[in-house]
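These notes concern the structure reproduced below.
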Amino acid sequence: MADEDLKGLRIDKTAAGYRPGRRRKRLVWWLGAAGAVLIAGLAAKGLFTPRVEVETATVSLVYPSQTFTLLNASGYVVAQRKSAVAAKATGRLVWLGVEEGSRVRAGEVIARLENEDVTATRAQAAANLVNARATREQAEAELKDATLAFNRNKDLLAEGVVAQADLDASEARYRKARAGVDGAVAAVNAARAALQGADVAIEYTLIRAPFDGVVLTKDADLGDIVTPIGAAVNAKAAVVTMADMGSLQVEADVSESNLEKVRKDQPCEIQLDALPETRFSGRVHMIVPTADRSKATVLVKVGFDDKDSRILPEMSARVAFLQRAVKADEKRPRTAVNPAALVKRDNRECIYLIKGERVKETPVTVGGRIGDQVEILAGVKAGDKVALKPLERLKDGTRIKTAEK
């Protein structure tokens, strides 16, 4: 009875209208249609189109002065006034009041050596001077008394009141007193000179800045023995090295064959590797009147028109020697690109801007020529990469590959 009930629940496959493969065929049809649509979409995006190999260029910042530059040379920023500051006496360094970068004034004490011995000598010399002055005052008082006695005895001798012997004795006393004053004056001068010598000895232990400038390096530390010649073992000759930042100039080597393009007071433009976004104006200060035979170059010194605290000694620099001075409106850099990257589309100038593995057709506003490049006023910025060629094979969205890939 139970088996009959189960048989009644089974589907009769022989019933009218039932087809076993119909559902499977419908699924295959829908999958095929979806695949076709997907492939068509990918094809529309160019995924099955071979990538176009292109040459590229970079949009850069160009200065107008490049169009009237006669010559370029490289060199370094050098302080024309530089000093290795040392002591004039030998001693142990007990105080150092500066460090690298400290700004100092001329005559300012920047370090001190131990000076207890010379300080004691100065105190003794000062006491000797006080004693010598007191002795001079005593001698002057004695001379005054002797002078009065001598003059009095001369008058009394004329009146016959005193004998000649009394006058001779007073005269001898007067001469002795005068000699005593001369000796006392000489003793005062000697004591004063000794005191000045002691002051000089103390001054030798004080290390002062020779001019206004900036400390570049610290060459000695507390406890080091400092000597003027630095010949002793473990002794230091210089305490600090400093430079006058107002005397900074660029020293550039110019080839002998190009020397005719350089003249004194010629306008220049200076670019420092440490400050690539800034151009400094300058002028030729000096053409050193000798050549370097090993390099066949002549040293040219170029001064800065304006001082800048960011400029430091020994910075590497490039100098552009110009035909004329840069005008005010020529100091601003311009965005420029190789003119071969421009293409005309729908009566407007465009550039194919590289975005990943594709190019984007980008309209740009073009300015004038700057040397062998053309100014771009709007549309792209410095640093952007653009396609250079073959532009005829490109359109907006074309897949590309560059030569380096």
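The values are calculated or read from the model by the stated rules, or taken from the named source; none is laboratory data. All values derive from a computational prediction rather than experimental measurement. Reconstructed Cβ throughout: ideal geometry from the backbone, glycine too, with neighbour counts over all protein chains shown.
If L6 meets every condition in (1) of a type in the set (A, V, I, L, M, F, W, C); (2) in a strand (DSSP E or B); (3) at pLDDT below 65 apart from one, which number is that one?
(2)
Determine which single condition L299 fails, assuming it passes every other condition in (1) among the aliphatic types (A, V, I, L, M); (2) touching a residue at least 60 places away in the same chain (Cβ under 8 Å); (3) outside any loop (DSSP other than H, G, I, E, B).
(2)
Here is a check on your reading of the model: is R173 out of contact with any Ser or Thr (no Cβ under 6 Å at 6 or more places or on another chain), closer than 23 Å to V188 by Cβ and not aliphatic (A, V, I, L, M)? Quick ask: steps written out before the conclusion?
Working: out of contact with any Ser or Thr (no Cβ under 6 Å at 6 or more places or on another chain): yes; closer than 23 Å to V188 by Cβ: yes; not aliphatic (A, V, I, L, M): yes.
Answer is yes for this residue.
Looking only at region 355-395, how many residues end up being over 15 Å from V337 (Cβ atoms), without any contact (Cβ under 8 Å) to a residue 12 or more places away in the chain and in a strand (DSSP E or B)?
Matching residues across region 355-395 total 1.
Which of the residues belonging to region 80-122 are of a type in the set (G, A, S) and over 15 Å from A238 (Cβ atoms)? Spell out the reasoning first.
Our first condition is that a residue be of a type in the set (G, A, S); within region 80-122, this holds for 83-84, 86-87, 89, 91, 97, 101-102, 106-107, 111, 120.
Correct list: G97, G101, S102, A106, G107, A120.
Would you confirm whether any residue within region 323-344 is in a strand (DSSP E or B), surrounded by 12 or more Cβ atoms within 10 Å (Cβ to Cβ), over 39 Å from the mean Cα position of the chain (by Cα) and free of Cβ contacts under 8 Å to residues at least 40 places away in the same chain?
Here is the first cut: in region 323-344, the ones in a strand (DSSP E or B) are 334-337, 342-344.
From the residues that got through so far, the ones that are surrounded by 12 or more Cβ atoms within 10 Å (Cβ to Cβ) too are 334-337, 342-343.
So of that shortlist, the ones also over 39 Å from the mean Cα position of the chain (by Cα) come out as 342-343.
In the following step, the residues that additionally are free of Cβ contacts under 8 Å to residues at least 40 places away in the same chain were identified as 342.
Yes, because at least one residue in region 323-344 is in a strand (DSSP E or B), surrounded by 12 or more Cβ atoms within 10 Å (Cβ to Cβ), over 39 Å from the mean Cα position of the chain (by Cα) and free of Cβ contacts under 8 Å to residues at least 40 places away in the same chain.
Looking at V104, V85, V78, which one is closer than 30 Å to F280 by Cα, β-branched (V, I, T) and in contact with a Pro (Cβ under 8 Å, 6 or more places away or on another chain)? Steps first, please.
Working: V104 fails: in contact with a Pro (Cβ under 8 Å, 6 or more places away or on another chain); V85 fails: closer than 30 Å to F280 by Cα.
Exactly one residue qualifies, and that residue is V78.
Per-residue answers, yes or no, for (1) at negative phi; (2) more than 23 Å from the chain's Cα centre (by Cα); (3) modelled with pLDDT under 95:
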| site | (1), (2), (3) |
| --- | --- |
| A158 | yes, yes, yes |
| A165 | yes, yes, yes |
| A201 | yes, yes, yes |
| T227 | yes, yes, yes |
| A231 | yes, yes, yes |
| V239 | yes, no, yes |
| A252 | yes, no, no |
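What number of residues within region 145-167 satisfy the criterion of being closer than 21 Å to V181 by Cβ and without any contact (Cβ under 8 Å) to a residue 12 or more places away in the chain?
Count: 2.
If S74 passes every condition in (1) part of a helix (DSSP H, G or I); (2) closer than 30 Å to V374 by Cβ; (3) among the hydroxyl-bearing types (S, T, Y) but one, which one does it miss?
(1)
Residues that are at pLDDT 95 or above, on the phi < 0 side of the Ramachandran plot and not in a strand (DSSP E or B): does region 280-292 have at least one?
No, region 280-292 contains no residue that is at pLDDT 95 or above, on the phi < 0 side of the Ramachandran plot and not in a strand (DSSP E or B).
Out of A291, A296, I need the residue that is within 21 Å of L71 (Cα to Cα), surrounded by fewer than 12 Cβ atoms within 10 Å (Cβ to Cβ) and in contact with a helix residue (DSSP H, G or I) (Cβ under 7 Å, 6 or more places away or on another chain). Which one?
Numbers: A291 fails: surrounded by fewer than 12 Cβ atoms within 10 Å (Cβ to Cβ).
Among A291, A296, only A296 is within 21 Å of L71 (Cα to Cα), surrounded by fewer than 12 Cβ atoms within 10 Å (Cβ to Cβ) and in contact with a helix residue (DSSP H, G or I) (Cβ under 7 Å, 6 or more places away or on another chain).
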